[in-house]
Amino acid sequence: MDLDTFFVSVERLHDKNLIGKPVLIGGTSDRGVVASCSYEAREYGVHSAMPMRMARQLCPHAIIKHGDHEEYSKKSHDVTDIIRESVPVYEKTSIDEFYMDLTGMDRFFGCYKAAGELRQRIMKETGLPISFAMSSNKTVAKVGTGEAKPNGQKEIPFGDEKIFLAPLSIKKIPMVGDKTYQLLRGMGIEKVKTVQEMPMELMQQVLGENGISIWRKANGIDNNPVEPYSERKSISTECTFEKDTIDVNYLKSMLISMTEKLAFQLRTEQKLTSCVTVKIRYSDFNTYTMQMRVPYTALDHMLMDKVKELFDKLYQKRMLIRLIGVRFSHLIQGNYQFNMFDDTIEQLQLYQAMDKLRKRFGKEAVQRAAGMEIKHRDFNPFNGRSGDFTNKR
């Protein structure tokens, strides 16, 4: 199941005048980025991640909205709650996309009927359009959902996977990006059917291991299970000081460095978090934690503000502190760029450049000045231990 033009659909709930019109969501200045766009805007060649200046040129009469990622996250949680109540196993792969395993439900309701009723319930209770396709595996279901859009549903019966995929463009196959598409088109391959008829070894020669994966997907072969979604998934890091401290500036510098490290890990793994937790252990060994829900993000500057806010609320005793920690939980797969409603192309490129430097020259290659105070003291945030909040040093 995939929510249709999710950000635009949420905006239309609050402003009915947007229905049927070309809408762009993202940074409103010419230096901004398109985070999402309506089907009406796509007809003019607009797509997500496009510079807003170019989108304005292609569709000058489009309505541009700044975007409200807090509201988008809330609506995503609402849909997740409905799905959680309705199916035995589900996987949340992004803010607006879900896989569900309905195996065995056919003996009670009929899987396609159950999925259709779930879709109707989501639309009725949230007001959001959503599409789905049902098939024997995740690849065919994902491709089928794209074909069912907008606001539709489709069933690909068992045994018809290759027949369904054959007439489609090779660009419909997951893993076929722009470069791979151009390479395959240069070989004269346009339709999935051509890949189906090719020897797998030839695809491997051209594209390596990815060639095998693409060949299997083109033939409707995908044995990957639906991974049960759990909001307990988390990453965390903490530090026990050699000497208990009450230096608030130092503690905040430590938290900034911890947050920077974890945010980089999120982006590297292409994950987003929607829950931030801060932990304090005082010199008397009493331990306190506080958490807050945040819009899905993996951006340092957004997460640092929340971490510092939580620390200010939590640090009330004015006692010496033995340990502090940060945890990000409720993780989903996702690209951090969709949060760029406020940010310019330059800031997006800055994040990408910093991450590229860290991957090439090491995690310490680039750090924020606010976290540098701790470099020569107890703990290096990019070499420190990360793990369960209950671990002790």
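What follows is calculated from the coordinates using simple rules that are stated; it is not laboratory data. For clarity, every value in this text was computed on a predicted model and none was experimentally measured. Positions of Cβ are generated from backbone atoms using ideal geometry, with glycine treated the same way; all protein chains shown enter the neighbour counts.
No solvent, one uniform scatterer per C-alpha: report log10 I(q)/I(0) for the range 25-152 via the Debye equation at q = 0.12 1/Å, two decimals.
Reported log10 I(q)/I(0), two decimals: -0.57.
With a 10 Å cut-off between alpha carbons and a GNM built on the chain, which of Lys313, Lys142, Lys124 moves the most?
Looking only at Lys313, Lys142, Lys124, the largest GNM fluctuation is found for Lys313.
Within the chain, what percent of beta bridges assigned by DSSP are antiparallel, to the nearest 5?
85
Residue separation times 0.36 nm, minus the C-alpha to C-alpha distance between Asp305 and Leu183: what's the value?
That pair, Asp305 and Leu183, stretches by 39.5 nm at full extension.
How big is the equivalent ellipsoid of the chain along its three axes, where each semi-axis is √(5λ) from the Cα gyration tensor, reported in whole Å from largest to smallest?
40, 24, 24
What order, most packed first, do the peptides 79-85, 63-69, 328-334, 255-261 have when packing is the mean number of other Cβ atoms within 10 Å of each residue?
Sorting 79-85, 63-69, 328-334, 255-261 by mean packing, highest first, produces 255-261, 328-334, 63-69, 79-85.
Express in nm, to one decimal, how much length is gained between Arg31 and Glu117 on full extension, taking 0.36 nm for each residue of separation and deducting their alpha carbon distance.
26.7 nm
In whole percent, what relative contact order does the chain give with Cα contacts below 8 Å and a gap of six or more residues?
18
Please provide three numbers in whole Å: the alpha-carbon extents of the range 91-225 along the principal axes, with the largest listed first.
The principal-axis extents, from largest down, are 48, 30, 23 Å.
Given the options Asp284, Asp78, Asp101, state which has the largest fluctuation in a GNM of the chain using a 10 Å cut-off (strictly under) for Cα springs.
Asp284
State to the nearest 20 debye the size of the charge dipole of the chain about its Cα centre, where the only charges are +1 on K and R beta carbons and -1 on D and E beta carbons.
660
Quick one: if you take sqrt(5λ) for each eigenvalue of the C-alpha gyration tensor of the range 219-278, what semi-axes come out, biggest first, whole angstrom?
Ellipsoid semi-axes (Å, largest first): 36, 12, 10.
What's the magnitude of the charge dipole for the range 1-126 around its Cα centre, counting Lys and Arg as +1 and Asp and Glu as -1 at the beta-carbon? Answer in Debye, nearest 20.
Roughly 340 debye, rounded to the nearest 20.
Among all helices in the chain defined by DSSP H, which have a length of 27 Å or more along the axis from Cα atoms plus a Kyte-Doolittle mean of at least -0.5?
In the chain, the long hydrophobic H runs are 248-268.
Given the Cα-Cα distance of Lys124 and Asp244 and 0.36 nm per residue of separation, how much length would full extension add, in nm?
Stretched out fully, the Lys124 to Asp244 stretch lengthens by 37.7 nm.
Could you quote the convex hull projected area for the range 157-198, Cα atoms only and averaged over all directions, in nm²?
3.0
Dimensions of the range 1-44 along principal axes (Cα, Å, largest first)?
30, 25, 19
For the range 265-305, what ratio Rg/Rh do Cα atoms give with a Kirkwood hydrodynamic radius?
Taking Rg over the Kirkwood Rh, I get 1.11.
Pick out, from Val87, Met54, Gly110, the residue whose Cα sits farthest towards the positive end of the charge dipole of the range 1-126, with +1 on the Cβ of Lys and Arg and -1 on the Cβ of Asp and Glu.
Met54
Between Lys317 and His66, what is the spin-label point distance in nm, taking each point 7 Å from the Cα along the Cα→C-beta axis?
Spacing of the two 7 Å Cα→Cβ label points: 4.1 nm.
Applying 1/(1 + (r/R0)^6) with R0 = 56 Å to the Cβ-Cβ distance of Val206 and Asp106, what FRET efficiency is obtained, to the nearest 0.05?
According to the calculation, E is roughly 0.90.
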